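What follows is a set of notes on a single structure, which appears directly below.
The values are calculated or read from the model by the stated rules, or taken from the named source; none is laboratory data. Nothing here was measured: the structure is a model prediction, and the numbers come from that model. All Cβ positions, glycine included, derive from the backbone under ideal geometry; neighbour counts span all protein chains shown.
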Amino acid sequence: MIETKLLGMGVNIGVLGISVVFSSLIILLYSMKLFVFLLKRYGKTVEKKAPGLLIKGVEGNEPLSGEIVSAISLAIHMSHEEYHDLERAIITFNRMTRPYSPWSSKIHAIQYTTIDRTKMR
Amino acid sequence: MEGLLKFIHFTGFYNVTPGHLIMILVGLFFIFIAIKKDYEPLLLVPIGFGILIGNIPFLENVGLQLGIYEDGSVMNYLYFGVLKGIYPPLIFLGIGAMTDFSALLSNPKLVLLGAAAQVGIFITLLGALALGFNGQEAGAIGIIGGADGPTAIFIASKLAPHLIGAIAIAAYSYMALVPVIQPPIMRLLTTKEERLIHMKPSRVVSKVEKIVFPIFAFMITAFISPGSIPLLGMLFFGNLLKESGVTDRLGNTARTSLVDIVTILLGVTVGASTQATTFLTPQSMLIFLLGAFSFMVATASGVLFAKFMNLFLKGDNKINPLIGAAGVSAVPDSARVVQNIGVKADSSNYLLMHAMGPNVAGVIGSAVAAGILLAVLLG
């Protein structure tokens, strides 16, 4: 008996809950639609205020094409992931040890040319 | 010698029970799936480690003040934020400061999908009542179906504080398992043709709309369901900080440092609240089962409602029913799942932005549902 009463209460709460959730979100939906409508009708458009700021080809409510959206997404993604050509500004000095070899010897790479120091003055 | 024996009695090895070991394994499992599988690591690592903290056995009730349930212990003080429902609104502040509502504003009808997925909450409530939980406990368990951890904790702290550990762990575990739970249901309830539906690109949303929305939305939802004021108030306040353009510093703090600090405290204390002696009960197991059920029902009702909406929509206004699954709030995981399933069906079909609409609507819907439960079950 108590269980049936409890379940009845549960059904009531369920019906009430779902109705309230739906109605509050529907009211929200329509109030935002109304606001957008009023904004379009009476609000100053961005174009009137600052025509230079508008991007050519992208009108106020015109949907963006898939290409534009994907290009913007890629740019944002690359920016967030730092896929750019800057290198880390950390300089490290690694000691290079290389066995001596006449083939890599610096002395053999120097040209033995005489410098006329009189011309340098 | 007596001192040594006394010390041995205080050690974890002496006081360990099979329950402690089981919970330690659960904690390790959470940490493992967070690190290895990358499932909600920001939540599961703190919760997993919290479980370890809460389940190291020690001699209880001798004045050590160590356990989370012992008055005066450090963990007990930190747990105060969970018990009194302080952390969830702060998390919502951060979520608000992170959330972009433009996906919802550009296609407002998707808000209905966020409402439809809340059916899971109320069906689970019925299930919990049928399994013998009382009204308040059933309400707290049902909210797991909202797929919103902070909301679940907030409601549990008000309606059934003794179940808060199990409810929080169930809510967060299933949120982490969204990529596992949702796809089979989504595939089962949709046909190949439906999964291929391409949706119209979203319209551009003006800055004025974005600024006005949090104020409008808060006023409307709070007037209808005042029980949701702590959650929705902070959510929309955070969003206003983000969108107003004049409070960047506050918005930035809310979405970074603040939310990180609260997440750490919430995760660790919720984890620690699963002390084996109080957590491992048949009730907790039932809560886990009901939690899984509620996630499935919420996903299914979102998808089915999207199909129902399609009966009234024509041409390119039709919606891909997969996005209905994003109506469970789990932001943004369920939207990501929708994107993945959509791309698998058609590699050129990007549903992520469309799915974000029902996803954020789900957050609002679950908070409204929470307010209703508080009003009806506490009043």
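Would you call B:Asn310 more than 27 Å from A:Gly10 (Cα to Cα), within 14 Å of chain A (Cβ to nearest Cβ) and not aliphatic (A, V, I, L, M)? Step through it out loud before you land on a result.
Working: more than 27 Å from A:Gly10 (Cα to Cα): yes; within 14 Å of chain A (Cβ to nearest Cβ): no; not aliphatic (A, V, I, L, M): yes.
Considered against the rule, which asks whether it is more than 27 Å from A:Gly10 (Cα to Cα), within 14 Å of chain A (Cβ to nearest Cβ) and not aliphatic (A, V, I, L, M), B:Asn310 comes out as no.
Can you go through B:Val368, B:Val376 and tell me which one is over 21 Å from B:Met175 (Cβ atoms) and either assigned to a loop (DSSP other than H, G, I, E, B) or within 11 Å of chain A (Cβ to nearest Cβ) (or both)? Give the derivation first.
Numbers: B:Val368 fails: over 21 Å from B:Met175 (Cβ atoms).
Just one listed residue meets the conditions, B:Val376.
Looking at B:Ile86, B:Ile53, B:Ile123, B:Ile141 in this structure, which one is surrounded by fewer than 24 Cβ atoms within 10 Å (Cβ to Cβ), at pLDDT 90 or above and over 19 Å from B:Gly267 (Cβ atoms)? Full working, then the answer.
Numbers: B:Ile86 fails: over 19 Å from B:Gly267 (Cβ atoms); B:Ile53 fails: over 19 Å from B:Gly267 (Cβ atoms); B:Ile141 fails: surrounded by fewer than 24 Cβ atoms within 10 Å (Cβ to Cβ).
After ruling out the rest, the residue left standing is B:Ile123.
Residue by residue, here is whether (1) touching a residue at least 24 places away in the same chain (Cβ under 8 Å); (2) under 16 Å from the mean Cα position of the chain (by Cα) holds:
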{"site": "B:Ile220", "(1), (2)": "no, no"}
{"site": "B:Phe223", "(1), (2)": "no, no"}
{"site": "B:Leu240", "(1), (2)": "yes, no"}
{"site": "B:Thr253", "(1), (2)": "no, no"}
{"site": "B:Leu258", "(1), (2)": "yes, no"}
{"site": "B:Val262", "(1), (2)": "yes, yes"}
{"site": "B:Gly271", "(1), (2)": "yes, yes"}
{"site": "B:Ile287", "(1), (2)": "yes, yes"}
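Using the structure shown, decide if B:Phe32 is over 23 Å from B:Leu159 (Cβ atoms) and in a helix (DSSP H, G or I). First the steps, then the outcome.
Working: over 23 Å from B:Leu159 (Cβ atoms): yes; in a helix (DSSP H, G or I): yes.
Yes.
Which of the residues that make up region B:242-259 are surrounded by fewer than 20 Cβ atoms within 10 Å (Cβ to Cβ) and at negative phi? Outline the logic, then answer.
Start the filter on region B:242-259 by keeping residues that are surrounded by fewer than 20 Cβ atoms within 10 Å (Cβ to Cβ), which leaves B:244-250, B:252-253, B:256-258.
Residues satisfying the conditions are B:Ser244, B:Val246, B:Thr247, B:Asp248, B:Arg249, B:Leu250, B:Asn252, B:Thr253, B:Thr256, B:Ser257, B:Leu258.
Got a sec? Which helices (runs of 4 or more DSSP H) wholly within region B:104-215 have at least 1 residues that are more than 10 Å from chain A (Cβ to nearest Cβ) and of a type outside the set (A, V, I, L, M, F, W, C)? Give the steps one after another, and end with the answer.
Working: elements: B:111-116, B:119-130, B:135-142, B:149-159, B:164-176, B:178-189, B:192-195.
So the answer is B:119-130, B:135-142, B:149-159, B:164-176, B:178-189, B:192-195.
Looking at (1) buried (at least 18 other Cβ atoms within 10 Å of the Cβ); (2) over 21 Å from B:Gln275 (Cβ atoms); (3) under 23 Å from the mean Cα position of the chain (by Cα), which is the one condition that is false for B:Asn134?
(1)
Do we have any residue at all in region B:256-263 that's touching a Ser or Thr at 6+ places or on another chain (Cβ under 7 Å) and closer than 30 Å to B:Ile341 by Cα?
Of the residues in region B:256-263, the ones touching a Ser or Thr at 6+ places or on another chain (Cβ under 7 Å) are none.
Looking for residues that are touching a Ser or Thr at 6+ places or on another chain (Cβ under 7 Å) and closer than 30 Å to B:Ile341 by Cα, one finds none in region B:256-263, hence no.
Could you list all residues from region B:216-226 that are surrounded by 15 or more Cβ atoms within 10 Å (Cβ to Cβ) and more than 7 Å from chain A (Cβ to nearest Cβ)?
Just the residues of region B:216-226 that are surrounded by 15 or more Cβ atoms within 10 Å (Cβ to Cβ), to begin with: B:216-218, B:220-222, B:224-225.
B:Phe218, B:Ala222, listed by residue number.
So which residues in region B:325-357 are within 27 Å of B:Phe92 (Cα to Cα) and within 14 Å of another protein chain (Cβ to nearest Cβ), if there are any at all? If you could, list the steps in order and put the result at the bottom.
First, the residues of region B:325-357 that are within 27 Å of B:Phe92 (Cα to Cα): B:325-340, B:351-357.
Across region B:325-357, the qualifying residues are B:Gly327, B:Val328, B:Ser329, B:Gln339, B:Leu351, B:Leu352, B:Met353, B:His354, B:Met356, B:Gly357.
Is it the case, given these coordinates, that B:Ile68 is touching a Gly at 6+ places or on another chain (Cβ under 8 Å), in a loop (DSSP other than H, G, I, E, B), of a type outside the set (Phe, Trp, Tyr) and surrounded by 13 or more Cβ atoms within 10 Å (Cβ to Cβ)?
Values: touching a Gly at 6+ places or on another chain (Cβ under 8 Å): yes; in a loop (DSSP other than H, G, I, E, B): yes; of a type outside the set (Phe, Trp, Tyr): yes; surrounded by 13 or more Cβ atoms within 10 Å (Cβ to Cβ): yes.
When the stated conditions are applied, B:Ile68 passes them.
Do you know which residues across region B:358-379 are surrounded by fewer than 24 Cβ atoms within 10 Å (Cβ to Cβ) and of a type outside the set (A, V, I, L, M)? Explain how you work it out, then say what you get.
To start, the set of residues in region B:358-379 that are surrounded by fewer than 24 Cβ atoms within 10 Å (Cβ to Cβ) comprises B:374-379.
Within region B:358-379, just B:Gly379 meets the criteria.
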